[in-house]
1. Roughly how much of V212 is accessible, in Å² to the nearest 10, using a 1.4 Å probe?
2. Using the heavy atoms of the protein chains and a 1.4 angstrom probe, tell me the accessible area per residue for segment 189-231 in square angstrom.
3. Which percent of the accessible area of segment 175-234 is formed by carbon and sulfur heavy atoms (probe 1.4 angstrom)?
4. Roll a 1.4 Å probe over the protein chains and send me the accessible area per residue for segment 29-69 in Å².
5. Take the solvent-accessible surface of the protein heavy atoms, probe 1.4 Å, and return the percent of it on segment 39-147 that carbon and sulfur atoms account for.
6. Could you calculate the contour length gain from E204 to T188, that is, 0.36 nm times the residue separation minus the distance between their Cα atoms, to one decimal place in nm?
7. Given an 8 Å cut-off on Cα distances and at least 6 residues of separation, report the relative contact order of segment 97-248 as a percent.
Amino acid sequence: MFGYRVPAPDEAMLISGGRRGLGGAPFRVVTGHGKFVLPIFRKTRFLTLSMCESEVVETCVTRQGIALTVRAVIAFKVGNDTESIVNAGQRFLSDQDQMSVLTGRIFAGHLRSIIGSMTVEEIVTERQKLATEVLDTSKSEMAKIGLHVDSLQIQSIDDGDTGYIDAMSAPHKAAIQRQAQIAQAQATQAAAEAEQEAARKQAEYARQTAVVQAQYSAEVDRAQAQAAQAGPLAQAHAQQEVLDAQTELAERAAQLRQQQLVAEVVKPAEADAERIRVLAMAEAERMKIQAEAAASYDRVALDRMLIDQLPQIVKEAATGLSGANVNVLNGADGLGEIAAGLVGQGLTILDSVRRNLGAPEDGPGGEGGTDGTDGTDGTQQRTNGRVEIE
């Protein structure tokens with residue numbers, strides 16, 4: 001539409017002519033929306049609000065007197081507020097490229113000032129600290145000209161041919177090299193150990209494979225041998241079963257024959273032997289009874305015979321006294337004692353005959369009679385009486 005102007009999103013539209021802007025500025029600032037501008041009575045200009053860049057390469061001297069060449073990059077832009085736009089528009093609207101030149105100069109001065117208060121070691125190891133200090137010191141100056149710094153990056157620090165930075169880094173380089181060598185040695189050792197472990201695993205795998213193959217071969221050989229022996233073994237088992245059956249049949253036949261022999265020979269023989277034994281025992285018992293009866297009868301008969309012969313024996317004994325010289329010292333008592341002695345002698349003879357025939361003794365006397373006869377040739381003496389026989 002005629003007379004209607006709209007700034008770009010990264011621009012500020014400055015309208016001069018007519019009434020003044022904020023704070024007595026010679027123009028009004030329009031951002032983010034359009035505005036009707038009278039073509040003849042108003043003039044419109046645009047100020048960029050986009051990001052700008054300025055590169056600084058400055059030789060600075062440190063607190064140690066060592067010259068360093070510092071390269072830095074500054075990122076800045078015009079502030080978004082109306083005051084910053086007014087300040088930047090009044091300074092750079094006709095030549096906006098001067099913003100980068102002026103910003104570089106401002107930062108170069110602050111960079112020299114700050115590096116002059118630091119050592120090389122601080123500058124090299126604390127670059128962020130250096131950038132922060134430069135930003136802090138330049139912030140107020142940049143705000144006066146309507147610029148806002150977004151960042152400051154120290155790209156490089158070079159000491160030229162002095163070799164100070166290299167010398168400073170030598171111990172670290174040596175330590176790093178030593179660590180690198182150690183790491184390399186460790187890596188080499190780890191690689192060697194890995195190779196050895198791999199070799200051991202391969203050897204173990206080969207051994208296991210050989211063992212498995214040997215076992216498989218042994219199983220195959222054993223199976224083949226078993227298969228080859230299956231026929232003979234089956235035949236041998238069959239023959240063994242036949243032999244076992246024949247042996248069992250023979251044992252049963254022998255047992256049957258033994259039972260038959262026992263029934264036919266042993267049992268009858270045992271029965272005959274038992275019968276003979278019983279008969280023999282009965283015969284023996286009979287003969288014993290007969291013998292005892294006969295012995296009892298013989299003793300009774302012998303005793304009776306001896307009793308019957310006793311008077312004759314006494315008589316015969318008395319006959320021996322017919323020619324003897326008898327002196328009777330005590331009269332009738334002496335004659336009685338003589339008669340008693342004759343009777344006792346007869347009894348003694350009777351006992352002797354019984355013993356010789358195996359008859360038991362009937363009286364308490366022993367050999368030689370009951371009256372002290374010593375078995376002499378007929379001469380008897382009695383000392384306890386008053387009779388003497390010569």
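The values are calculated or read from the model by the stated rules, or taken from the named source; none is laboratory data. Keep in mind it's a predicted model, so treat the numbers as computed, not measured. Areas reflect the complete protein model, heavy atoms only, side chains present, ligands, DNA and RNA absent. Shrake-Rupley method; radii C 1.70, N 1.55, O 1.52, S 1.80 Å.
1. 90
2. It amounts to 82 Å² per residue over segment 189-231.
3. 57
4. Spelled out: the 1.4 Å probe surface of segment 29-69, per residue, equals 62 Å².
5. Exposed carbon and sulfur together represent 49 percent of the surface.
6. Working: separation 16, 0.36 × 16 = 5.76 nm, distance 2.36 nm.
Fully extending the segment from E204 to T188 adds 3.4 nm.
7. On the way: 31 pairs, mean separation 20.8, N = 152.
Contact order relative to length: 14 percent.
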